């Protein structure tokens, strides 16, 4: 069966492609310890924007592969950061020349993510008359990596003078992201296609994304242990950032032109695109006499 699908892919590599763009809203919901023992969140995130581009290839009725680029933006704040261990105890913010003062702080973050996705397409929905609708559901599962730009600091600039700390308090990867700092990313995403025509579909997706990084909110995660001599031992915690989002968009479905022997690269003439998920409604004049009886 696998050999048959591989042979079919080689013959029909030019068929059943689609490209598209989606945009919507995300929420940096929580951070989950990598042993899944608990969740935590140092900052208070706000809903923000997200958009993505994709190109997909369907190599059978139900299975496909795709590449996706996604951009996410995050922001939030903390009015009382008294219990953020990294800020209160770290030598980075508390030393001979400076000391963190627990005034309101903010963070702004953006991520660039690249996914390789596996798609599974379900059969079209059916109406009360047992007729197929131009509406189907799919699920995609993706693995990829993310680069991160983050900024965290005091909300009021006057507090930098009070604490003698740099403005911002923490910054990494802003501007052009460094590919030296890449983090594994996983997503699972159910979605729905509504086909306006054989070539155009509207899309809606609910995405659940896990990102293997602990400073997406501008705060590195530490557990603090108080020693008998009043010293503090900090242990950095490995976590996943959990990010749900909902997006809407549009896709264009097409076949690449396939060159034939003794023809130029773009020698194949235009052909009507045949989409297995779009049920073309025929006019009465198109029906055969047997169908009309």
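What follows is calculated from the coordinates using simple rules that are stated; it is not laboratory data. Predicted, not measured: the structure shown is a model, and the values here were computed from it.
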Exercise. Grab the eigenvalues of the alpha-carbon gyration tensor for region 1-123, scale each by 5, take roots, and send me the semi-axes largest first in whole angstrom.
Key: 46, 16, 13
Self-check item: All-pairs alpha carbon distance profile, region 43-87, 5 Å steps from 0, percent
Solution: 5, 15, 14, 12, 11, 11, 9, 8, 7, 5, 3, 0
Exercise. Just the ratio, please: alpha-carbon radius of gyration of region 129-242 over 2.2 N^0.38 Å, N its number of residues.
Key: 1.69
Self-check item: Of every Cα-Cα pair in region 60-211, the percent that sits beyond 29 Å
Solution: 44
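Assuming 0.36 nm per residue, please report the length gained on full extension of the stretch residue 126 to residue 14 beyond their Cα-Cα distance. Each step should come with its number before you reach the end.
Numbers: separation 112, 0.36 × 112 = 40.32 nm, distance 2.96 nm.
Contour length minus Cα-Cα distance gives 37.4 nm.
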Exercise. Could you tell me whether region 14-69 comes out rounded, prolate or oblate from its Cα gyration tensor? Rule is a ≥ b ≥ c as square roots of the eigenvalues, rounded for a/c under 1.5, then prolate if a/b exceeds b/c, otherwise oblate.
Key: oblate
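Compute the semi-axes of the equivalent ellipsoid of region 19-292, taking the square root of 5 times each eigenvalue of the Cα gyration tensor, and list them largest first in whole Å.
With the √(5λ) rule applied to region 19-292, the semi-axes are 51, 19, 16 Å.
Could you tell me what a quarter of the Cα convex hull surface of region 98-168 works out to, in nm² with one decimal place?
Working: hull surface 36.2 nm².
Spelled out: convex hull of the Cα atoms, projected over all directions, averaged, 9.1 nm².
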